[in-house]
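Structure record follows, encoded as structure tokens.
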Amino acid sequence: MSSKVYPWWLSCFLGSKLRKILKNPAKILEGLIQEGDKAVDIGCGAGVFSVEMAKLVGKSGKVICVDIQEKMLEYADERARKEGLQARMEFHQCQSDEVGIKEEVDFILAFHVVHEVPDVNKLIKEIVYILRAGGKFLLAEPKGHVNEEEFNQTIRIAYDNGFKKEGDLKVKGSIAIILKK
């Protein structure tokens, strides 16, 4: 496992009340996910965003929670069960060099995770492959770990792979953009 990967034993901070106030999943995802959508949360961690995504996709939708760490997926599954949303959620352990999802989806979230990936170009190509035409990709990185130049480099890779800018997103302590395929 890369030393850049967020440690599972710090996952208690991912779902803290303060973090939910500063990085409110409902507010961040507002208008991006529709009922019936299939959505992917890459680097889902403890499932804070995944659970909100499951609420938005409704009973006819699905959220695929992806993480490299089995322990994080266990925490996300536990959170889903507590919310009664496990029927709408699938859990997939990926590899460091491959997400491994093959089905087409409507929305992809990569929140504070792309900087942990060893090959960003390969990740973006995988995202392009599974995202339907017109689908949206929300990319957000933490300001303390990723500077603007590094973020713009990731955006250029996305543009080179066919993404267009849908809009900017203001998230406290983050650099974020909404892209459309």
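Summary of values
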| quantity | calculated |
| --- | --- |
| Residue within the stretch 149-166 that is closer than 19 Å to Lys38 by Cβ and among the hydrophobic types (A, V, I, L, M, F, W, C) present | yes |
| Members of the stretch 26-51 found to be assigned to a helix (DSSP H, G or I), at pLDDT 95 or above and not hydrophobic (A, V, I, L, M, F, W, C), listed by number | Ser50 |
| The stretch 136-158 residues that are farther than 15 Å from Lys170 by Cα and free of Cβ contacts under 8 Å to residues at least 12 places away in the same chain, paired with ones that are among the charged types (D, E, K, R) and in a loop (DSSP other than H, G, I, E, B) (beta carbon under 9 Å, 6 or more apart) | none |
| Residues located in the stretch 65-86, provided they are touching a residue at least 24 places away in the same chain (Cβ under 8 Å) and in contact with a strand residue (DSSP E or B) (Cβ under 6 Å, 6 or more places away or on another chain) | Cys65, Val66, Leu73, Ala76, Asp77, Ala80 |
| All positions within the stretch 79-97 that are surrounded by 12 or more Cβ atoms within 10 Å (Cβ to Cβ), in a strand (DSSP E or B) and not hydrophobic (A, V, I, L, M, F, W, C) | Glu90, His92, Gln93 |
| Residues (more than 16 Å from Gly135 (Cα to Cα) and modelled with pLDDT of 95 or more) located in the stretch 159-181 | Asp160, Ile175, Ala176 |
| Condition check for Ile64: in a loop (DSSP other than H, G, I, E, B), aliphatic (A, V, I, L, M) and either closer than 21 Å to Gly84 by Cβ or at pLDDT below 95 (or both) | no |
| Residues of the stretch 110-158 that turn out to be assigned to a strand (DSSP E or B) and modelled with pLDDT of 95 or more, as a count | 13 |
| From the options Val105, Val57, Val48, residue that is among the β-branched types (Val, Ile, Thr) and farther than 25 Å from Thr154 by Cα | Val57 |
| Unique residue being of a type in the set (Asp, Glu), within 15 Å of the chain's Cα centre (by Cα) and closer than 23 Å to Ile28 by Cα when the list is Glu126, Glu141, Glu166 | Glu141 |
| Selected residue (criterion: nearest to Leu131 (Cα to Cα)) from residues of the stretch 98-117 that are of a type in the set (A, V, I, L, M, F, W, C) and surrounded by fewer than 22 Cβ atoms within 10 Å (Cβ to Cβ) | Val105 |
| Search result, residues across the stretch 104-136 that are under 19 Å from Asp37 (Cα atoms) and in contact with a helix residue (DSSP H, G or I) (Cβ under 7 Å, 6 or more places away or on another chain) | Glu104, Val105, Ile108, Leu109, Phe111 |
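The values are calculated or read from the model by the stated rules, or taken from the named source; none is laboratory data. Owing to the predicted nature of the structure, the values given are computational and were not obtained by experimental measurement. Every residue, glycine among them, receives a Cβ derived from its backbone with ideal geometry; neighbour counts consider all protein chains shown.
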